[in-house]
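First the structure, in the form of structure tokens, and then the observations on it.
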Amino acid sequence: MTITRGIRALSAGYHRDFADIPDTDENISACIVVESHSDDSYATIANSWPDSIQLNAGITPIHITSGATIVRLEDSKLLGRAALYDSPPVDSQSQIQNPKSCCSKIIVTFENTGRYLQENELNTFVGKDFGDYRINLSTDCLFEKEFLVCSEAISEVANQRGLLRHENTFAKCIIYPYGGICEYGMHPQLIESCVFRTVSDGKQLYLRISPLSVMRNLGVDPTVDQKSESGYQFVGVKNFSASQRTNLYDELKNGACRISIINKNTSEESIYRSNAVLCTPKTNLILINFIKEES
């Protein structure tokens with residue numbers, strides 16, 4: 001929305017100290033002056049960029065295709081073997097009973113509709129063009145979040161006490177990455193990395209799969225090692241990135257998603273970053289709010 005207002009003629013003796021200008025409609029910040037007509041001068045005062053942009057988006061999980069396996073030897077005998085992502089036996093205390101709900105990554109896609117706030121007016125739009133602006137997207141992908149998965153065969157060797165060999169000592173358990181959890185209708189705060197460890201009853205090998213947040217709530221950080229006098233309590237996963245340690249909601253809220261906006265009149269470009277997420281219950285749809293980055 002463009003505001004055009006006249007500038008009244010002032011006497012030659014008119015003086016206004018900058019510090020004395022009151023916070024009234026006279027105190028207007030003009031970005032560009034584009035027209036002037038003889039004695040009656042007019043300035044076109046424009047707010048160059050929207051205050052915020054909201055995009056409707058969908059969450060799509062990408063399933064794990066790895067064919068990794070894990071075997072466990074106890075006292076030199078094969079105790080069990082499991083295909084990690086193909087209906088493995090899951091321990092009864094596992095927080096995730098359905099491994100099929102885990103994925104290798106998620107893709108957040110633009111759903112072709114949105115809103116933008118400019119000069120206190122909220123406008124809706126369809127497509128990538130809105131008002132004087134265009135979303136500079138070559139595809140509909142807004143954001144990708146990848147998770148660590150096990151892609152190679154794992155072999156665990158245990159002694160007679162069931163402790164697992166790790167380098168030159170033993171550990172009660174070794175923790176491995178298991179992708180990320182993403183079920184239909186799940187709140188983005190629950191979409192996060194998962195880990196697993198093996199559990200043995202002496203006859204069968206089971207997986208105990210847990211989201212990172214559940215382990216942390218139990219006082220265990222699965223991304224570091226925990227040592228004891230006799231060796232390791234557990235061996236953690238070391239190569240989690242900052243993104244893989246964070247759930248989707250917090251990542252989007254803290255600006256991980258960025259979009260480029262083009263002013264179609266001036267060809268200028270500005271970057272907007274995500275700062276809030278709203279969810280549509282019982283769907284994989286979210287609304288992401290973006291604000292302009294400070295230049």
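The values are calculated or read from the model by the stated rules, or taken from the named source; none is laboratory data. All values derive from a computational prediction rather than experimental measurement. Positions of Cβ are generated from backbone atoms using ideal geometry, with glycine treated the same way; all protein chains shown enter the neighbour counts.
Data for the structure
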quantity	calculated
Odd one out for Ser228 among (1) farther than 29 Å from Lys100 by Cα; (2) at pLDDT 95 or above	(2)
Members of region 87-129 that are over 18 Å from Tyr176 (Cβ atoms), in contact (Cβ under 8 Å) with a residue 12 or more places away in the chain and aliphatic (A, V, I, L, M)	Ile106, Ile107, Val108, Leu117, Val126
Asp201 vs. criteria surrounded by 14 or more Cβ atoms within 10 Å (Cβ to Cβ) and over 27 Å from Thr60 (Cα atoms)	no
For Leu117: the one exception among (1) surrounded by fewer than 17 Cβ atoms within 10 Å (Cβ to Cβ); (2) over 28 Å from the mean Cα position of the chain (by Cα); (3) at pLDDT 50 or above	(2)
Scan of region 63-109 for residues that are within 22 Å of the chain's Cα centre (by Cα), among the β-branched types (Val, Ile, Thr) and in a strand (DSSP E or B), ordered by number	Ile106, Ile107, Val108, Thr109
Single match in Glu152, Glu144 (criterion: within 25 Å of Glu251 (Cα to Cα) and either out of contact with any helix residue (DSSP H, G or I) (no Cβ under 9 Å at 6 or more places or on another chain) or part of a loop (DSSP other than H, G, I, E, B) (or both))	Glu144
Condition check for Ile261: of a type outside the set (S, T, N, Q) and surrounded by 19 or more Cβ atoms within 10 Å (Cβ to Cβ)	yes
Number of the condition not met by Arg134 [criteria: (1) in contact (Cβ under 8 Å) with a residue 12 or more places away in the chain; (2) closer than 17 Å to Tyr272 by Cβ; (3) out of contact with any Lys or Arg (no Cβ under 6 Å at 6 or more places or on another chain)]	(3)
Residue among Phe143, Phe147, Phe125 that is crowded, with 19+ Cβ neighbours inside 10 Å and more than 17 Å from Ser66 (Cα to Cα)	Phe143
Contacts under 9 angstrom Cβ, first residue in region 232-258 being without any contact (Cβ under 8 Å) to a residue 60 or more places away in the chain, partner assigned to a loop (DSSP other than H, G, I, E, B) and of a type in the set (Ser, Thr, Tyr), 6 or more apart	Lys238/Thr223; Arg245/Thr223; Asn254/Thr246
Residue in region 155-171 that is among the β-branched types (Val, Ile, Thr) and closer than 16 Å to Ile209 by Cα present	no
Unmet criterion (only one of (1) buried (at least 18 other Cβ atoms within 10 Å of the Cβ); (2) without any contact (Cβ under 8 Å) to a residue 24 or more places away in the chain) for Arg216	(1)
Flag for Phe130 being touching an Asp or Glu at 6+ places or on another chain (Cβ under 9 Å) and among the aromatic types (Phe, Trp, Tyr)	no
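Here's the yes/no breakdown for (1) surrounded by fewer than 18 Cβ atoms within 10 Å (Cβ to Cβ); (2) of a type outside the set (A, V, I, L, M, F, W, C); (3) at pLDDT 90 or above:
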site: Ile62; (1), (2), (3): yes, no, yes
site: Lys77; (1), (2), (3): yes, yes, no
site: Leu84; (1), (2), (3): no, no, yes
site: Pro89; (1), (2), (3): yes, yes, yes
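For (1) closer than 21 Å to Phe110 by Cβ; (2) surrounded by fewer than 17 Cβ atoms within 10 Å (Cβ to Cβ), each residue gets a yes or a no:
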{"residue": "Arg208", "(1), (2)": "no, no"}
{"residue": "Ser228", "(1), (2)": "no, yes"}
{"residue": "Ile286", "(1), (2)": "yes, no"}
{"residue": "Glu293", "(1), (2)": "yes, yes"}
